[in-house]
Amino acid sequence: TWPAEIEKFCPWIPSTAIYCVKGKDDVGFAVKIQRWRERVYQQQQIHRQQMQKQQNGHMNNVSNQTTLQTGTTSIPPPFQIVIVTYSLLQERFQIANILKECNFQCIIADESHNLKQLSSQRCQLALPLLQNSKRLLLLSGTPALNRPVELWPQLHALDPKGKMFGKYGMRYNDYTKRYCNAKRTRFGWDVNGSSNADELHACLKTVMIRRLKSEVLHDLPSKQRAIVPVTIVDKDKERECRDLVAQMKSARQAVSEIMDGVSDDMTNSAHFEARRLLNQAYQ
């Protein structure tokens with residue numbers, strides 16, 4: 001778990017400074033954050049009053065003034081590290097509103113591919129938190145599960161203006177047209193394709209660090225594959241499985257025939273579609 005890992009690799013951080021949100025309505029966490037925000041607000045009010053008095057000439061002895069940072073607070077938050085799951089990012093949960101008041105200095109989003117759907121409520125609540133933090137790290141073994149459009153929310157969190165794509169930036173519509181082979185249909189825009197994959201890969205290098213297991217786990221043994229036969233007792237289920245395997249073989253052959261003589265963009269799009277169908281079959 002994350003608390004155990006933090007204590008293991010950062011032993012100087014006391015366990016009391018690490019808080020794992022317990023649920024959608026964690027009253028203890030909400031109360032502590034609210035009290036902290038009230039103290040911060042009171043301190044800021046005092047600072048404004050002192051600055052106003054100084055401007056009006058009522059404070060002649062500058063050396064005796066209380067030193068406060070403008071726009072920030074010297075009052076430490078109740079916790080150094082807060083751990084929360086993606087499932088709690090919903091409008092109907094109190095914890096989602098409390099998180100907005102925390103003003104995180106650094107956010108580490110593990111399994112960041114959970115933010116792949118831009119229109120989802122989870123993504124809409126998470127993006128402001130990620131963009132407002134001073135430092136942001138997104139961790140994922142599979143940033144895009146099926147198609148390039150799933151990368152956009154993560155890239156937008158890291159670079160809201162899209163400067164990684166050029167000095168003029170890039171918006172969502174421009175991104176989908178350039179890298180998702182966007183096509184207008186009678187139902188709207190279809191952005192499930194792929195285009196200019198090499199160019200997108202070059203842009204990703206400016207914000208992404210990729211590490212293979214062979215580079216960081218030198219003691220990890222080589223992968224071993226084994227075929228384990230499984231006997232299906234139900235004959236009807238066995239017949240369904242055989243039909244599914246035959247359909248997948250036919251689909252694979254059809255995709256190979258279609259890709260012969262077509263452009264690289266269509267080939268990449270076909271590869272992404274094949275992966276999507278395969279993931280759907282396993283589910």
- Which residue pairs have Cβ atoms closer than 7 Å, lie 6 or more positions apart in sequence or on different chains, and pair a first residue in the range 134-155 that is in a loop (DSSP other than H, G, I, E, B) with a second residue that is open to solvent by 20 Å² or more (accessible area, probe 1.4 Å) and acidic (Asp, Glu)? Ser140/Glu111
- Give me the pairs: first residue in the range 163-181 and on the phi > 0 side of the Ramachandran plot, second residue open to solvent by 30 Å² or more (accessible area, probe 1.4 Å) and assigned to a loop (DSSP other than H, G, I, E, B), beta-carbon distance under 8 Å, and six or more apart or on different chains, which are they? Gly169/Lys161
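Inspect the range 110-123 for any residue being part of a helix (DSSP H, G or I) and open to solvent by 70 Å² or more (accessible area, probe 1.4 Å) and give the result as yes or no.
Yes, the range 110-123 contains at least one residue that is part of a helix (DSSP H, G or I) and open to solvent by 70 Å² or more (accessible area, probe 1.4 Å).
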- Query: Any idea which residue in the range 94-121 is farthest from Val31 (Cα to Cα), counting only those that are touching a residue at least 12 places away in the same chain (Cβ under 8 Å) and among the polar types (S, T, N, Q)?
  - Reply: Gln117
- Query: So which residues in the range 1-34 are assigned to a helix (DSSP H, G or I), without any contact (Cβ under 8 Å) to a residue 40 or more places away in the chain and not hydrophobic (A, V, I, L, M, F, W, C), if there are any at all?
  - Reply: Glu5, Glu7, Lys8, Ser15, Thr16, Gly28
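Here's the yes/no breakdown for (1) over 22 Å from Ser133 (Cα atoms); (2) surrounded by 11 or more Cβ atoms within 10 Å (Cβ to Cβ); (3) modelled with pLDDT under 80:
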residue	(1), (2), (3)
Pro3	no, yes, yes
Glu7	yes, yes, no
Arg35	no, yes, no
Arg39	no, yes, no
Asn56	yes, no, yes
Asn61	yes, no, yes
Thr67	yes, no, yes
Phe79	no, yes, no
Leu89	no, yes, no
- Item | Odd one out for Leu127 among (1) within 24 Å of Gly23 (Cβ to Cβ); (2) assigned to a loop (DSSP other than H, G, I, E, B) | (2)
- Query: For residues in the range 140-175 being open to solvent by 70 Å² or more (accessible area, probe 1.4 Å) and not small (Gly, Ala, Ser), which is nearest to Cys203 (Cα to Cα)?
  - Reply: Lys163
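The values are calculated or read from the model by the stated rules, or taken from the named source; none is laboratory data. Just so you know, these numbers come straight off a predicted model, no measurement behind them. Positions of Cβ are generated from backbone atoms using ideal geometry, with glycine treated the same way; all protein chains shown enter the neighbour counts. When the accessible area is computed, the model is the full protein with side chains, heavy atoms only, and any ligands, DNA or RNA have been set aside. Shrake-Rupley method; radii C 1.70, N 1.55, O 1.52, S 1.80 Å.
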